[in-house]
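See below for the structure under consideration.
The values are calculated or read from the model by the stated rules, or taken from the named source; none is laboratory data. Not measured: the values here are computed from a predicted model. So basically every Cβ, Gly included, is an ideal-geometry build from the backbone, and we count neighbours across all protein chains shown. With ligands, DNA and RNA removed, areas are computed over all heavy atoms of the protein, side chains included. Shrake-Rupley method; radii C 1.70, N 1.55, O 1.52, S 1.80 Å.
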Amino acid sequence: MKTVIFNLRYGFYPGITLLLLFFGAVSCSELPVGQTPTDKTSPSSLTNVVITPMNGGAHITYTLPNEDDISYVKCEFTYNGKLRVVRSSIYKNYMEVDGIGDPEEIELKLYVVDHSENTSRPHVQKFIPLDPPMKAVLNSFHVEPTFGGAIISWENPAKAMMGISIMVAADNGELELKDIIYSSMPAGSKRLRGFDTQKRLFALSVTDKYENVSDTFKVEIEPYYEIMLDKSKFINPALSGDNTSVNDNRPLEKMWDGVLDDPDKYHGWHTDAAAGFTIPQYFSIDLGIKAQLTHVILFERGEIYPYAQHNLRLFDVWGTDELRAPRDDAAYFGSSEWKKDWILLAECEVVKPSGMPPGTNTPEDIAAHDAGFDFDFRQDVPKMRYIRFEVHDTWAHTPAMHAAELSVYGDDR
């Protein structure tokens with residue numbers, strides 16, 4: 001390619017100007033696009049066509065004509081008033097159609113197309129597809145009450161991409177959209193929280209990638225009683241073996257002061273990385289009352305540190321109704337002896353949605369971080385007053401910890 005030279009005093013050089021005029025004239029004319037037709041002779045039609053109904057579509061096999069001038073196979077059908085076209089290479093003897101949201105009769109027209117875009121006479125055949133994949137999802141919905149809300153589960157045996165809309169009745173009875181989940185996993189679940197014990201309607205529907213929408217699954221449930229425990233009653237018991245070190249005047253009590261991170265100043269808890277503690281690290285909370293604990297929400301340090309530095313990544317949560325040894329008993333709390341009297345409530349992992357390495361965060365990562373990380377507790381245990389965190393790893397694998405806030409939920413009655 002020649003470089004166009006422009007002279008500020010005299011303009012374009014004459015030779016370049018003529019070339020530009022020539023190419024401009026060519027670009028303005030009508031040029032043929034694609035394969036130039038060579039004839040008007042239609043190819044032969046497909047033979048031995050077999051249509052096997054599938055969920056939401058069909059698998060079609062056939063025999064191609066033994067001719068050199070063949071480009072591809074085309075299938076046309078109409079669904080919901082729209083013409084759909086599916087094409088298949090001549091290097092295989094099958095094609096699939098999908099995206100049919102109802103098991104109704106569909107007429108397929110199959111054509112052979114040659115290099116001149118001539119089409120054969122159509123092979124016309126009707127079939128009825130099996131139930132669409134989204135119907136299997138709809139029929140699998142299971143909603144059960146839990147503390148403060150509901151657990152919704154489903155199966156997707158076809159592993160098709162689906163959008164699951166979750167609606168819940170407000171206090172006035174009107175349905176409100178609470179979430180839309182997009183997934184192609186073979187099974188999934190979603191926990192909704194923040195509801196009182198009033199009976200309310202939950203409604204679920206499914207949308208596939210072709211914008212087909214299922215019927216609506218509806219069920220009424222009564223969530224179990226649950227509240228966020230009163231943080232003003234929380235105390236740091238400072239058990240022997242706990243990492244009680246403090247960095248920059250940010251003690252453990254900052255973890256339940258009700259103040260979250262902001263971009264300008266970190267308000268949370270921060271231990272001292274130089275204090276000499278080793279992994280696993282421990283910290284404990286006296287909740288001030290006995291309660292049937294249900295879950296915790298951990299808000300980790302943000303700013304430039306989501307999924308990084310001393311934020312917790314792997315940890316266990318233990319609970320007990322009372323301390324069975326003095327707080328300063330190093331032989332008891334400084335070893336694994338205390339675990340004989342405590343109950344393991346949860347094994348927790350903070351999961352980064354994108355899976356990207358620390359320092360690279362997607363909008364989904366930040367949204368998950370800002371919402372807090374929710375961990376359920378086992379329910380076959382008595383009421384607890386003390387919880388102890390056994391931290392096995394931080395994002396930077398450090399012997400220090402920090403977090404912005406911790407909320408504990410349960411039944412305090």
For L239, other-chain or 5+-apart residues with amide H closer than 5 Å (H placed, Pro excluded) are S284
The range 117-157 scanned against label point 7 Å out from K40 along Cα→C-beta; backbone N under 15 Å for 117-119
Rounded to the nearest 10 Å², the 1.4 Å probe accessible area of S240 is 30 Å²
Summing -39500 (n - 2.57) over every DSSP H run of at least 4 residues in the chain and dividing by its residue count gives a helix-only mean residue ellipticity at 222 nm, to the nearest 500 deg cm²/dmol, of -2500 deg cm²/dmol
Residues of the range 206-230 with backbone N under 17 Å of the label point set 7 Å from the Cα of L175 along Cα→Cβ are 206-208, 212-221
Scoring only Lys, Arg, Asp and Glu (+1, +1, -1, -1) among other residues with Cβ under 15 Å from the Cβ of Y94 yields +1
Taking every other residue with Cβ under 15 Å from the Cβ of V168 and scoring Lys and Arg +1, Asp and Glu -1, one gets -1
So V49 and D272, fully extended at 0.36 nm per residue minus their Cα-Cα distance, gain in nm 72.9 nm
Sorted list, accessible surface of protein heavy atoms, 1.4 Å probe, largest first, for D248, D196 is D248, D196
Over the Cα atoms of the range 251-410 the radius of gyration and the largest Cα-Cα distance (Dmax), both in Å, equal 15.7, 46
If R0 = 45 Å, then Y182 and D411, at their Cβ-Cβ distance, give a FRET efficiency to the nearest 0.05 of 0.85
In the range 359-409, taking the dipole from +1 charges on Lys and Arg beta carbons and -1 charges on Asp and Glu beta carbons about the Cα centre, the listed residue (F389, F373, P363) farthest towards the positive end is F389
Counting only DSSP loop positions in the range 38-87, the trypsin sites (Lys or Arg not before Pro) whose Cβ has at most 14 other Cβ atoms within 10 Å are K40
With R₀ set to 30 angstrom, the calculated FRET efficiency between the beta-carbons of V213 and N93, to the nearest 0.05, is 0.30
Projecting the Cα atoms of G81, Q309, S44 onto the charge dipole of the chain, where Lys and Arg contribute +1 and Asp and Glu -1 at Cβ, the residue farthest towards the positive end is S44
Under Stokes-Einstein, the range 164-244 at 20 °C and 1.002 mPa s, with its Kirkwood radius over C-alpha pairs, diffuses with a coefficient in µm²/s of 133 µm²/s
Answer in debye to the nearest 20: the dipole magnitude of the chain about its Cα centre, from +1 Lys/Arg and -1 Asp/Glu charges placed on Cβ, is 860 debye
Note, S184: beta-carbon cut-off 10 Å, +1 each Lys/Arg, -1 each Asp/Glu, net +2
Farthest towards the positive end of the dipole of the chain, among G101, S245, N139 and with Cβ unit charges of +1 on Lys and Arg and -1 on Asp and Glu, lies the Cα of G101
